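Worksheet: the structure to be examined is printed underneath.
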Amino acid sequence: QYSKFLWDNYCNCATLQSIINGTADYVTGNDIICNVPNFNTQVNKRGETINDVIAKIIIDYLIFGSFAIQVIRNLKGEIGEIYWVDVNKLRSDKKNEVFFYSDDWGKSAGRVKYVKYPKFKVGDVNNSTSIFYFKGNKTRSTYGLPMWNAAIKNVQIDCAITDFHNNEINNNFMGSKLISFNN
């Protein structure tokens, strides 16, 4: 559930969200040019462009320290389509050779429905669909670590302070103020 924890921190901390979104905008710039034939207009049947997919994987990389792409091969064995995969819904074996995708990992063991995918390998025409998984920071862990890993406690403090002040306002009370009656 660590990826859910990271996602919740991203969603609840305005400072972190601003930094990540600004960095993603900076990285993508105005446009990404793809010189792969047939990928310059759309990269999958949903009609997504390379810009759409890269914008999503940059956000994932900045939040989770990793990203994933589903690679689908055509009948010739060439890459026919690519789709962004939500790494929050992706799990892996220890060596990142096999990946499991589920919409709900919160269920108890044995009740989770998942789809199993092999790791993407160049030239592997035996698997029509596979997962390309990238984790940054060359961690020894199975999963990537976000660049902001050292600031997690600071993000939690920021969220707690926001919640504290929000609760004070909602309850019409300011514990930091003292009202003194002189009579």
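Checked across the stretch 21-35, the condition of being open to solvent by less than 30 Å² (accessible area, probe 1.4 Å) and in contact (Cβ under 8 Å) with a residue 40 or more places away in the chain holds for no residue. Consider residue 16 carefully, then state whether it is within 19 Å of residue 151 (Cα to Cα) and over 11 Å from the mean Cα position of the chain (by Cα). So residue 16 fits the description; yes. Among the residues making up the stretch 125-168, those that are in contact (Cβ under 8 Å) with a residue 12 or more places away in the chain and aromatic (Phe, Trp, Tyr) are 132, 133, 134, 143, 148. Would you be able to tell me the number of residues in the stretch 93-109 that are open to solvent by less than 20 Å² (accessible area, probe 1.4 Å) and under 15 Å from the mean Cα position of the chain (by Cα)? Number of matching residues: 1. Selection over the stretch 129-148 of residues that are on the phi < 0 side of the Ramachandran plot and either in contact with a Leu (Cβ under 9 Å, 6 or more places away or on another chain) or crowded, with 17+ Cβ neighbours inside 10 Å (or both) gives a count of 13. Scanning the stretch 15-35 for residues that are modelled with pLDDT under 90, hydrophobic (A, V, I, L, M, F, W, C) and touching a helix residue (DSSP H, G or I) at 6+ places or on another chain (Cβ under 8 Å) yields 27, 32, 34. Filtering the stretch 163-182 for residues that are open to solvent by less than 70 Å² (accessible area, probe 1.4 Å), farther than 24 Å from residue 17 by Cα and at pLDDT 90 or above leaves an empty set.
Of the residues making up the stretch 117-128, those that are more than 19 Å from the chain's Cα centre (by Cα), open to solvent by 70 Å² or more (accessible area, probe 1.4 Å) and at pLDDT 85 or above are 121, 122, 128. Of the strands (runs of 3 or more DSSP E) lying entirely inside the stretch 62-145, those containing at least 2 residues that are closer than 16 Å to residue 7 by Cβ span 66-73, 79-85, 90-92.
A single entry from 4, 56, 76 fulfils the requirement of being modelled with pLDDT under 90 and within 12 Å of the chain's Cα centre (by Cα): 4. With respect to the conditions (1) without any contact (Cβ under 8 Å) to a residue 12 or more places away in the chain; (2) surrounded by fewer than 14 Cβ atoms within 10 Å (Cβ to Cβ), residue 112 lacks only one, and its number is (2). Restricting attention to the stretch 39-61, the residues that are in a loop (DSSP other than H, G, I, E, B), farther than 12 Å from residue 83 by Cβ and not β-branched (Val, Ile, Thr) total 2. Give the residue that is farthest from residue 23 (Cα to Cα), with candidates limited to residues of the stretch 39-78 that are open to solvent by 40 Å² or more (accessible area, probe 1.4 Å) and touching a residue at least 40 places away in the same chain (Cβ under 8 Å). For the stretch 39-78, the residue satisfying everything is 72.
The values are calculated or read from the model by the stated rules, or taken from the named source; none is laboratory data. These numbers come from a predicted model, not from an experiment. Glycine gets a Cβ as well: all are built from the backbone with ideal geometry, and neighbour counts include every protein chain shown. With ligands, DNA and RNA removed, areas are computed over all heavy atoms of the protein, side chains included. Shrake-Rupley method; radii C 1.70, N 1.55, O 1.52, S 1.80 Å.
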